[in-house]
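One structure is given here, and the rest of the page talks about it.
The values are calculated or read from the model by the stated rules, or taken from the named source; none is laboratory data. Everything numeric here is computed off the predicted structure, so don't read it as measured data. Here the Cβ is made from the backbone with ideal geometry for all residues, glycine too, and neighbour counts use every protein chain on show. Remember, those area values only see protein heavy atoms, side chains included, never the ligands or the DNA or RNA. Shrake-Rupley method; radii C 1.70, N 1.55, O 1.52, S 1.80 Å.
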Amino acid sequence: MGTSGSDFSFKTPERRMDALAGIKRRDFLSFCALMSATLGLGPSFIPKIAEAIEKATRRPSVIWLHFAECTGDSEAFIRSTNPSIEELILNILSIDYHETIMAASGEAAEGALQKAMKDNKGKYIAVCEGAIPLGTPPGPNAKKGDYLTIAGKTGLELAKEVCRDAAAIMCVGNCASFGGVQAQYPNPTGAVGVEEATGIPTLKVPGCPHNVVNSVAVVVNFLLLGSLPKTDKLGRPLFAYGKRIHDHCLRRAHFDAGQFVEKFGDAGAKDRWCLYKMGCKGPQTYHNCPTVEYNDGTSWPVKAGHGCIGCSEPKFWDNMAPFYERLPNIKLPGVEASADQIGFTLVGAAAAGSAVHGAYTFLNRKKFDPTLKDKEE
Amino acid sequence: MAQIHISPQKKALVYTRNFTNRLIHWTTFFSVITLLITGYYIGEPTAVYGQGEAYNTFVMADIRYYHFIAAMVLDVSLMVWFYLAFFSMSHRYWRQMLPTPKNIKEAMEVKKSYFTFKKPKFYSHFDPFDGLLFLALILFMVMQMVTGFQLYVEGLPQNYWWAQIIHLATDWVEWVFGSHQNVRLVHHLMEWIMVSGIIVHIYLQVTKTIIWQDGHIGQMVGGYKYKDIK
């Protein structure tokens, strides 16, 4: 970037945020620079982002809902170091309800949810984590969606109640966005994504887990412009999901060169060759992993030596499987075969049929070959 | 000493295939062969490896480039083929390729002749049995074209006008097959079906040339084939 943080001057004299949490100005500005880069904005936007965050009269209220999931997205959220969790909670967001990290429990917790919804009606951001099961469990008195019950309400009821009055709904992780592993075939609980369950359009930040930098960038975009970022046809923000992993992959040069890892641990793997033959799904996955990376820019699967499994794509457990093969298998009743096995069988059948007919023709050559007829005469 | 055989059957040369017709056939032939070889490598990169440092080696990139060029050539030749099927000045062949009851009946007769070795009726361009085989191959090529474009567009910038046209024209493919991986699978499997179709096609033409002695393959080179005179 070239310029250090101290070069920027701000119109807001009171540095409210800094004083509040004791966060260094430099850290705050590097966070703003990260957000600016993630959103695809130039360096000139860094002071604007800083201003937007500082000027926000009230931090946006966030209600974080857990549905059927593994809390992996919350884990990713509380492990974010840039921005750090205290920065997130104290400065950028006002997380009024989060089942995993809040101190309150029981009626106090539910009271906090009701209060946050009432006080910020139409203004809060609902963050949904996890899929919503719509199936009916077996047994007496079971009703639709009973597979997930929180505080006496089914997941669907809770989602509808909270999402109805939200200014924006953000689905973090693949479960909330598209159903995730719960929605994998045969999907015993009838799990679906939040948008499909409630019928309310949501902004999706899929991934397994989501990348916190992207989720926070969505909020910063909301603070900066007052609107959610532009999305693709699946509802994922374009700044993070507009580019294909394959096109920004650090191993792409080896793909183009025709240098592929044949087996985990071979010489190619040591030379960081392309993981295409190991079933990498980077060529059909849209995410900004190669540029933003996970865990504070430490690493991401392909950098670590494992193929992409396409965790930001809808129904990736079904569609991208098997994870270590290029192509899915063909499932016919009673048979499961690879496309190549079926192809070889077809080609073999065509060649065998031709050969058999060729032999038949040769044996009957007297019927059509006039030279043979002449000899007989 | 080899004997020179002079057929007792009187024959006449008939001009059946004009230049455009032959050009389309051989354009299709060379592009499909290129597509088969390069496509196999792209699906299963084996046997050829990039040597040396990756900055200066482009095995996969080059093979994909030839695959795309051959695909574009095939697409254009397919379009010309479709245009001529309906609007050709010499021979509008679309009617002979439709699986109508009449065509199927005649195709069955041609099929029977491969086993009885009684020469069927003279067809100037292609017989109905071949007509139906060509229809299948053409439909597979169209399928390869749309699934191929759906895979190709992933590598283009999404705001590029050409990418948007492809999206507009072929996005239904992903919906039909359920997922992007399935599109890839269909593109791969379809190629094997086409290879078996091509084996059958070549076998039939060679057999016909031998058993009916009408210069059947030669018509794709010179344009003429023999017709028996009674």
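Compared with the direct C-alpha span, the chain from A:Lys121 to A:Val181 gains 18.3 nm at full extension, assuming 0.36 nm per residue. Computed from protein heavy atoms with a 1.4 Å probe, the total accessible area buried between A and B is close to 3900 Å².
The alpha-carbon positions of the protein assembly as shown define a convex hull whose volume is 226 Å³ per residue.
Rolling a 1.4 Å probe over the protein heavy atoms gives the stretch B:62-128 an accessible area of 63 Å² per residue. Relative contact order for the stretch B:11-222: 18 percent, from Cα pairs under 8 Å spaced at least 6 residues apart, divided by residue count. The mean of 1/r over all pairs of different alpha-carbon atoms in the stretch A:332-376, once inverted, gives a Kirkwood hydrodynamic radius of 13.3 Å.
Scoring A:151-163, B:45-57, B:22-34 by mean Cβ neighbours within 10 Å over their residues and listing the highest first yields A:151-163, B:22-34, B:45-57.
Each residue of the stretch A:223-229 is assigned a 3J(HN,Hα), and the resulting list reads 5, 6, 10, x, 9, 7, x Hz, derived from the Karplus form 6.51 cos²θ - 1.76 cosθ + 1.60 (θ = phi - 60°), x at Gly and Pro.
Working ranking of peptides B:154-165, A:251-262, A:131-142 by packing, defined as the average number of other Cβ atoms within 10 Å per residue, highest first, is A:251-262, A:131-142, B:154-165. Rg and Dmax of the stretch B:49-114, based on Cα coordinates, read 21.5, 62 Å. Listed by number, the DSSP H helices of chain B that run 24 Å or longer by alpha-carbon position along their axis and have mean Kyte hydropathy of at least 0.0 are B:19-43, B:59-87, B:128-152, B:161-177, B:180-212. Dividing the alpha-carbon radius of gyration of the stretch A:95-164 by the rule-of-thumb value 2.2 N^0.38 Å gives 1.21. Rounded to two decimals, the Cα-based Rg/Rh of the stretch B:1-132, with Kirkwood Rh, is 1.15. Peptide B:47-54 has a mean shielding of 5, counted as Cβ atoms of other protein chains within 10 Å of each residue's Cβ. Please state the shape class of the stretch A:207-325: rounded when a/c is under 1.5, otherwise prolate if a/b exceeds b/c and oblate if not, all from the C-alpha gyration tensor. Here the stretch A:207-325 falls in the prolate category. Computed over Cα pairs, the Kirkwood radius of the stretch A:259-350 leads via Stokes-Einstein (1.306 mPa s, 10 °C) to a diffusion coefficient of 106 µm² per second. For the stretch B:106-145, the Kirkwood hydrodynamic radius comes to 11.1 Å, computed from all pairs of different C-alpha atoms. Counts of other chain beta carbons within 10 angstrom of each beta carbon in peptide A:40-50 average 0.
In a simple Cβ point-charge model (Lys, Arg +1; Asp, Glu -1; nothing else charged), chain A has a dipole of about 680 debye relative to its Cα centre. Considering only Cα atoms, the convex hull volume of chain B works out to 197 Å³ per residue. Is the C-alpha gyration tensor of the stretch A:124-262 telling us rounded, prolate or oblate? Criteria: a/c under 1.5 is rounded; beyond that, a/b larger than b/c is prolate, otherwise oblate. In terms of gyration-tensor shape, oblate. So which of B:Lys112/B:Lys230; B:Lys11/B:Lys111; A:Lys143/A:Lys243; A:Lys230/A:Lys263; A:Lys121/A:Lys315; B:Lys102/B:Lys230 end up more than 31 Å apart, counting from Cα to Cα? Listed pairs above 31 Å: A:Lys143/A:Lys243; A:Lys230/A:Lys263; A:Lys121/A:Lys315. Straight Cα distances below 26 angstrom link A:Lys270 to the lysines A:Lys281, A:Lys303, with same-chain residues fewer than 8 positions distant left out.
Among the aspartates and glutamates, which have Cα under 17 Å from the Cα of B:Lys121 when same-chain residues fewer than 8 positions away are ignored? Those aspartates and glutamates meeting the cut-off are B:Glu106, B:Glu109, B:Asp130, B:Asp214, B:Asp228.
On the beta carbon distance between B:Met79 and B:Ile217, with R0 = 25 Å, the FRET formula returns roughly 0.45.
Note on A:Lys366: aspartates and glutamates with a C-alpha under 13 Å away, same-chain residues under 8 apart excluded, are A:Asp374, A:Glu376, A:Glu377. Counting only DSSP H runs of at least 4 residues, each contributing -39500 (n - 2.57), and dividing by the residue count of chain B, the helix-based mean residue ellipticity at 222 nm comes to -22500 deg cm²/dmol.
Other protein chain C-beta atoms within 10 Å of residue C-beta, averaged over B:174-181: 4.
Shown here for the stretch A:298-372: chymotrypsin sites (Phe, Trp or Tyr not before Pro) in loop regions (DSSP other than H, G, I, E, B) with at most 14 other Cβ atoms within 10 Å, namely A:Tyr324.
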